[in-house]
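Single-structure report; data block below.
The values are calculated or read from the model by the stated rules, or taken from the named source; none is laboratory data. Quick caveat, the model's predicted, so the values are computed rather than measured. Here the Cβ positions follow ideal geometry from the backbone for every residue, glycine too, while neighbour counts run over all protein chains shown.
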Amino acid sequence: MSRKNTRPADHLSSSLTDLMTSLMVIFVLLLVAKLNNQAGQRAAMAAELERRLANHMRQYSQDHHIGRDRDDPNTLVISIPDTLLSFATQDYHLKPEGQQYLRQHIPAWAKILCAGDIRPNLDTIIVEGHSDRTQWQGSTYEESKEKNLLLSQQRSMAVVSSSLEFLKSDPSLRDCFLEKLSATGRGEEDPIDTSAADSPKNRRVAFRIRLRPEVMGEVAERLREDLQR
């Protein structure tokens, strides 16, 4: 008797489990589709932002480089040659050509980045400072590394300060740019020229423009794998 009484309940429980599993599969598939759509939109936005910045740069006969970060396709990197924006050895003050470079480009970059379709998708504008490997007099190797790290941070802050100065005439643009702006220093950890400890190519600043992160392809791929198990 007891077995006959439990069978309908078992059947109902099994049906509910199957229904919940089916609903979960549908939910996951819809989520995967949404994530893939977000990934496509983000890639298109990154491409459009790169196009607008590149179009501005083409107006000048300067050797700029705009490209995607190798580890994050949603981050654009503007690499500025040392002939346009560089620093004296163990110094963080901008040279006149550096000031001129920022005066020439920052207002245009700010207008592009603060445009109605770009701004909501913009996460951060990071000014990244770098130093060469010149050892400081009277300092140990480790002390020199620490001083070069601080120096790279001071260089990034010098660029931030000057950039904001060149946006003073347009307070709303300045506020938008400042809202997304941050400064960081990499010290001597990421040289582009390893041929000489005091290479001017390594005394530089780069702009890293990152779009808002979305849960995209990697998560979608994990969900697909879970469904296939």
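Worth pointing out:
- Residues in the range 132-178 that are of a type in the set (Lys, Arg) and over 16 Å from Asp91 (Cα atoms) were compared, and the one that is nearest to the chain's Cα centre (by Cα) is Arg174.
- Helices (runs of 4 or more DSSP H) completely within the range 133-229 that count 3 or more residues being modelled with pLDDT of 95 or more: 141-165, 171-180
- Residue within the range 134-157 that is under 13 Å from Arg204 (Cβ atoms), crowded, with 21+ Cβ neighbours inside 10 Å, among the small types (Gly, Ala, Ser) and touching a helix residue (DSSP H, G or I) at 6+ places or on another chain (Cβ under 7 Å) present: no
- Residue pairs whose Cβ atoms lie under 6 Å apart, sitting 6 or more positions apart in sequence or on different chains, and linking a residue in the range 121-138 that is of a type in the set (S, T, N, Q) to a partner that is part of a strand (DSSP E or B), are Asn121/Leu211; Thr124/Ser182; Thr124/Arg210.
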